1. So who's got an amide H within less than 5 Å of the one on A:I142, skipping anything under 5 residues away but keeping other chains? H placed 1.01 Å off N, in plane.
2. Note down the nm distance, to one decimal, between modelled labels 7 Å out along Cα→Cβ at B:D111 and at B:V131.
3. Among DSSP beta bridges lying fully in chain A, give the percent that are antiparallel, nearest 5.
4. Other chains' Cβ within 10 Å of A:100-108 residues: what's the mean?
5. For chain B, what is the relative contact order in percent, using Cα pairs closer than 8 Å and at least 6 residues apart in sequence?
6. What is the Cα radius of gyration of region B:66-123 over 2.2 N^0.38 Å, N being its residue count?
7. Over the Cα atoms of chain B, what radius of gyration and what Dmax do you get, in Å?
8. How many Cβ atoms of partner chains, on average, are near each residue of B:51-64 if near means within 10 Å of its Cβ?
Amino acid sequence: MPTYTLNTPLTDADIEKLRAGDVVLLNGIIYSGRDAAHKKLMELLDAGKPLPFDLKGASIYYVGPSPAPPGRPIGSAGPTTSYRMDAYAPRLHALGLKATIGKGKRSDEVKQAMRDNKAVYFGATGGAGALLSKCITASTVIAFEELGPEAVREMKVKDFPLLVINDAFGGELYAKPKLDD
Amino acid sequence: MREIKAADISAAVAQMCMSANTKLPDDVRRKFEEGYKNETTEAGKEIFRQLLENADLSFETKLPLCQDCGLAIFYVEMGEDVFVKGGVNQAITEGMVTGYKDGFLRKSSCDPLTRKNTGDNTPAIIHIDMVPGDRLKISYMAKGGGSENMSRVTMLSPSQGWEGIKKFVVNRVAEAGPNPCPPIILGVGIGGTFEYAPKIAKQALLRKLDDTHPDPKVAAMEAELLEAVNKLGIGPMGLGGSYTCLAVKIALAPCHIASLPLAVNVQCHSARHEEVEF
């Protein structure tokens, strides 16, 4: 299984070498955002206002971490289910978003947007929130603080372990369920 | 009448919330170890390895096993001769709020329309059954949103019978695919009514993964469903393999002659629950 160490922001060249099933250790800055934050990002775009972070080459992690205990940058921080952000992802990909990180299936529209805009979807291990938090070395709320766990955070990650679930060429890693009929 | 102090209940519930979110139950751990040994795909094996490491780290650091510490579900068996000054609901709720605050657990409860977080994980979802005697048993379950979203209730026609039930369950798991964090555990409620079937389906998830249903016929049904679901090959986190589901737990209840209610509660692999008795 090919393993790549990549740094954010991600480039077209980074994305083009990735195929479904590859392991990626991600380094640099990523942004957290889930349901409520995405809705607010859309409202900002509709109003023609700037977003709290630059989308060009950006990676969004679908996560709502648990509160940071004293002495730690963040609490548990595993992925949430991605399909709930499907309604928003194509618009963000068109504006430069290079990667989303979550768990579970994406819609055909999101897969098409990844092909059209050279982007990928990474899977992180769901339910391994304590383990994944070890790779997050810093975390700061940069927008929508009132959303609590759903606020947008700028997170610094070191060798954050990911699997390419959907690549930019239509490849997908998830097993297709074997149904008789 | 036996009085149980509300403060004692609150303290025990707070402790239970913190403990359940940082200590994987032994029966679940044993299944992970079995999966790590026997899973046929390398990707699946690797997931089990990570989950075991995550469980160790969570226990050691008290960071929750999963950032989704769930809505707090309580199944309560309350003796008819038990008295709690101020009420058992209030005592449980206060304990839950303390546990989620002091344990740095995520508060995941919000208004359904404005989506504003209630801030303290209230309300606790409390099901109380009155039983004879003077004992009080409180079971707590941290139920995450990802797996709950994949759960379903349906009203089958009696003619569909067991084959219809089996088909619905298998199709539900197939459709959910990687979304609910497999390997999953299934709580299946058969019979009752539209609201009762899902109640007993979720309650069935409190059973030990390696127990055997006392009724051999039901035990055989559980085994049949488990085999059918695992044939789907979804595997840990949807990466393919033989461990899609760790256990199926069925609860049965008599139903109306016109109905066959069926509820499938999907539980993620982070099956966090504990109980306390007074």
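1. For A:I142, whose amide H was placed from the backbone, the distant partners under 5 Å are A:V152, A:R153, A:E154.
2. 3.9
3. The antiparallel fraction comes to roughly 55 percent.
4. 3
5. On the way: 594 pairs, mean separation 72.1, N = 278.
Rounded, it is 26 percent for chain B.
6. It is 1.31.
7. So, for chain B, Rg and Dmax equal 19.0, 58 Å respectively.
8. Rounded to a whole number, the mean comes out at 5.
Every number here is computed from the coordinates shown, using simple stated rules; none is lab data. Fair warning: this is a prediction, and the values are worked out from it, not measured in the lab. Glycine also receives a Cβ, built like all others from the backbone with ideal geometry; neighbour counts cover every protein chain displayed.
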